[in-house]
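Take a look at the structure set out below.
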Amino acid sequence: MKPASFDYAPVETLGAALSALSAQGAKPLAGGQSLAPTMNLRLVRPRVLVDVKALPGMREVTETAAGLRLGAAVTHAEIEDGAVPDVTCGFMAHVARGIAYRAVRNRGTIGGSLCHADPAADWPSCMVALGATMIAAGPGGERRIAARDWMRAPFVTALAPGEMLLAVEIPRLPPGSRWGYAKINRKVGEFASALGIALPGVMVAGAIEAPPALLHAIEGIPPLAAVAVTRAVAMRDA
């Protein structure tokens, strides 16, 4: 299928972008890897696509002592390839490597995935686990949105009408942090049927037809895990 007719509006300043997005039926365009397929199926029919890739800061990467600020138009491939600093002990690069196929990762952006807000996508659950913060801009200026508050429902975000995502701030994990990421899908490249994430202090379940669920805030070693380790050592030494 082909998309319904639409206008294309490339912009180079934030003011121009927000003005264009205020029009009825306008949607921002970055990589288009989530938006284009839904347009081809005519699940969405934007009147205007506002190309925001050239906006200042959209592809900017800033590392600080606290973590990393990624412009919303940074691609999955750039994260996978280590083109951005690693503040998550390899976690984000590992996740990026498992998103769709390389052709999609070359163009698809972290901001586009977050704004599409598909529960089966990787980044929404990962951002909750990492305790990330979204930086949005709109007619009222910039505001910060915690990742746990970002997805209101499947395909619905906390962005207000006329707002757009500028960047994502990701806290730095402690050096040597261990993590786990389990993704269940029928074949490589497909969306997940289930996601499970374990990072220092948190566990998150994703791909649950709802916003990512913060299952547990862990302080120290969970009691059951400690018992299991003790029993395993005893059996080994028996």
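The numbers here are math on the coordinates, done by the rules we state, and not lab data. It should be emphasised that the depicted structure is a prediction, and the values quoted were computed from it without experimental measurement. A quick note on method: Cβ atoms are made from the backbone with ideal geometry, for glycine too, and the neighbour counts reach across all protein chains shown.
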Cα gyration tensor, the range 1-49 - rounded (a/c under 1.5), prolate or oblate:
prolate
Cβ density ranking, 10 Å radius, fewest first, applied to Arg105, Arg69 yields Arg69, Arg105
log₁₀ of I(q)/I(0) at q = 0.13 Å⁻¹ - the chain, Debye sum with one point per alpha carbon:
-0.79
Given +1 on the Cβ of Lys and Arg, -1 on the Cβ of Asp and Glu, and no further charges, what dipole in debye does the chain carry about its Cα centre, rounded to the nearest 20?
580 debye
Nearest 5 percent is fine: what portion of the DSSP beta bridges confined to the range 1-127 is antiparallel?
35 percent
Over the chain, relative contact order from alpha-carbon pairs under 8 Å, at least 6 apart, %
17 percent
Students often forget the sequence filter, so: which aspartates and glutamates lie under 20 Å Cα-Cα from Lys2 once same-chain residues fewer than 8 apart are removed?
Asp51
Fewest-first ranking of His76, His116, using other Cβ atoms within 10 Å as the exposure measure
His116, His76
Going by C-beta contacts inside 10 Å, put Asp51, Asp149 in order with the fewest on the left.
Asp149, Asp51
